[in-house]
Every structure is written in C-alpha cells, then in structure tokens.
Amino acid sequence: ASMISARYFAEAKLPFNMKFRTNISMDDNSLKNMTYDSAVHGADQLAPYGVTVKTSGGSASRSDNRTNSITWNNLLSYESKFGNHSINAFIGHELYTFRNYYNYCYGEGIMQLGQYEVESTTTNWSALSNKDMYALLSFLGKIDYGFMEKYYLSASYRRDGSSRFSESNRWGNFFSAG
C-alpha cells in the first residue's frame, strides 16, 4: 500500500478589507495485493508429501486498487465594521475530481512447483475491472450583516454541478436566508 497526500494554500490580503485564499489538496492511494495457495501443501496432497503437487494444484490472485482525488477552492472574503454595523461576505469556487481504478484476477490449477503467478493457473479463471470517475464544480457566496452585535441577517447561495447527473439535470441551486 502507498499513500501520497499533499495540502497547499496561499493567502493574500487585498485593499478594502478583502482577502483572497486558494487551497489545493491532492491524494493518491494505491493498494496491491497478491495471494497464493500452495500447490504442494494441503488436504488433497498425495505421497510423498512436500514433493508432489496437489491434485487440484495451487491458486493465485492479484488485485490493484488506485484512487486519486483533487480538491481546489478559491475564496474572496470581505470583512468590515462601521459604527453599529458589521458585514462579512465571501464568494468562492470549488472543484473536486475523483478517479478510482480497480483490477482483480484469480485462477486455480498451478501444477508446477515454484510458480506463483495467475498466468501459471490452468482453470477456474475470473477477472474483474472497474473504473469510477466523477467531478463536482461549485460556486458559492454568503453575506452576514450585524447591527449592534444583537441583530443579524444572513444569506447564502450555492450552485453545484455534478458529472454524475445527466446534462439536463447536472446543476442544482441551493440558498438560505435568515
């Protein structure tokens, strides 16, 4: 198994009480697995034990699973107080991508000593592979208003687009106010 994970960000203070921040995170995970069932040792081995191959032979399998994901977002924020009033606001964007690749193979009937690979099997083969990829893109914003640190109003909006949905239903809008 191996895992690589990285997180980076940059932030800049801008004029007019504004700030810009960008974040990126990347993950790459890989898991490989090999199994082998002995062609020599087992219940169906014939004499002389430890020297002859079992009548059913041995088996072997391999699997490989790899996942990568990237998240990248950018936020522009504003914060200000004047008299009894306060305003906090931000707008932003976020992109998330995900990829997963999986492969598996199995076989039985390894009839030679010293053979450990699936290509050495002679019967009961099976194979499976799968690929899953999708992305999510979001645009968002929020504004908070306060008066005398006692009365507050807040509104937010988010628009999400997902590759998991058909083009006619890919985008959704979400909002709140209070």
statement: Of (1) in contact (Cβ under 8 Å) with a residue 40 or more places away in the chain; (2) at negative phi; (3) part of a strand (DSSP E or B), Arg66 fails just (1)
- request: Quickly run through the range 123-148 and pick out the residues that are under 30 Å from Gly57 (Cβ atoms) and not in a strand (DSSP E or B).
  value: none
message: It is to be established whether one or more residues within the range 155-167 are surrounded by 13 or more Cβ atoms within 10 Å (Cβ to Cβ), in contact with an Asp or Glu (Cβ under 8 Å, 6 or more places away or on another chain) and of a type in the set (Ser, Thr, Tyr).
response: no
message: Just the residues that are over 15 Å from the mean Cα position of the chain (by Cα) and either of a type outside the set (A, V, I, L, M, F, W, C) or modelled with pLDDT under 95 (or both), please, taken from the range 126-139.
response: Ser126, Ser129, Ser138
task: Report, by residue number, each residue of the range 75-94 that is surrounded by fewer than 15 Cβ atoms within 10 Å (Cβ to Cβ) and of a type in the set (S, T, N, Q).
output: Ser80, Asn84
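Lys32 - would you say it is in contact (Cβ under 8 Å) with a residue 12 or more places away in the chain, surrounded by fewer than 15 Cβ atoms within 10 Å (Cβ to Cβ) and not β-branched (Val, Ile, Thr)?
yes
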query: With respect to Ser56, is the statement that it is assigned to a strand (DSSP E or B) and in contact (Cβ under 8 Å) with a residue 24 or more places away in the chain true?
result: no
Of all residues making up the range 95-131, the number that are surrounded by fewer than 15 Cβ atoms within 10 Å (Cβ to Cβ), of a type in the set (S, T, N, Q) and farther than 21 Å from Asn33 by Cβ: 3
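For the range 108-122, how many residues meet the condition of being free of Cβ contacts under 8 Å to residues at least 40 places away in the same chain and assigned to a strand (DSSP E or B)? I'd like the intermediate steps shown before the answer.
Our first condition is that a residue be free of Cβ contacts under 8 Å to residues at least 40 places away in the same chain; within the range 108-122, this holds for 114, 119.
Now narrow it down to the ones that are assigned to a strand (DSSP E or B): none.
Matching residues across the range 108-122 total 0.
The values are calculated or read from the model by the stated rules, or taken from the named source; none is laboratory data. Here the structure is a predicted model, which is why all the values come from computation and not from measurement. In this analysis, Cβ positions are derived from the backbone assuming ideal geometry, glycine residues included, and neighbour counts consider all displayed protein chains.
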